[in-house]
Amino acid sequence: MQSEKLDIQLDDKFWFRLVNLPEKDALTPTSKITMPVVTKLFRLNLGIEFLFAIALLALALYSHVWVEEDWISGLFFIYIPLFLGLWFLRKVLIWQRYGFNYKAAFEVSKDELAIVTEPLSKQQQLTMAKADINYIQFSYGYMRSNGQGYQSKQSHISQAVVVLKNNERYTIKPNTIATLNLLYLCIYFDYPVSYKYGLTYGGGSIVFILMRVMSMGGNFIMIGLYLYWIGAGYLKSIF
């Protein structure tokens, strides 16, 4: 792997402004930090996620056609069953890929690093001594955002690869834990860290987030409209 060295300090807000560690201000050299797997970040491959996003968008856009004359029947017998069916189908595929052990967690201390591998149902937590680690390579990139008339530049960590001295490699993907938190702890506990420029695996994560926001947002709007129609119909029946 082609690596590079960066002089990143823990007080560097450019890198660590978004670190979310409850124990951050209470860290000591003897601390042992546990980071649970973030199940909300679990996702399928990009193609399958795209199909689910299209299905949810279609459901949001065309559901009004089904309920043009009888919106109560459309809501309870068409829209809600289809919405829950798509949600449950995706959940089943997630369970098949990642397993059911949602209590799995990463652990970092000054002497050991414990990581979780997939699938979670096998509870594959690998513990490796700090002395056995050759280096941990973090893939990074930069993202720009506009706000209040100016453009800001932010760092982004997409994944980490743990390379042992026996040349074994273990990849930690951003849909498992917050890799930025892991980088912060590795620097704090003085692990051998290197960097590679490029949003490895991270670009897909950004696309996935956008697809989920668009598809779920459209359905939240439709749910709001259904509630409005129900409320309006109820008030009309009273008055």
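Bear in mind these aren't lab numbers, they're just calculated from the coordinates by the rules spelled out. Keep in mind that what you see is a predicted model, and the values were worked out from it rather than measured. Reconstructed Cβ throughout: ideal geometry from the backbone, glycine too, with neighbour counts over all protein chains shown.
Among Met216, Met222, rank each residue by its count of other Cβ atoms within 10 Å, from fewest to most, as a rough exposure measure. Working shown, then result.
Values: Met216 15, Met222 20.
Listed from fewest to most nearby Cβ atoms, that is Met216, Met222.
Report the label-to-label distance for Gln96 and Asp12 in nanometres (one decimal), using points 7 Å from each Cα along the Cα→Cβ vector.
So the label points at Gln96 and Asp12 sit 4.3 nm apart.
Give the order of Ser109, Ser139 when sorted by the count of other beta carbons within 10 angstrom, beginning with the fewest. Spell out each step's value before the answer.
Values: Ser109 16, Ser139 22.
So the ranking, lowest neighbour count to highest, is Ser109, Ser139.
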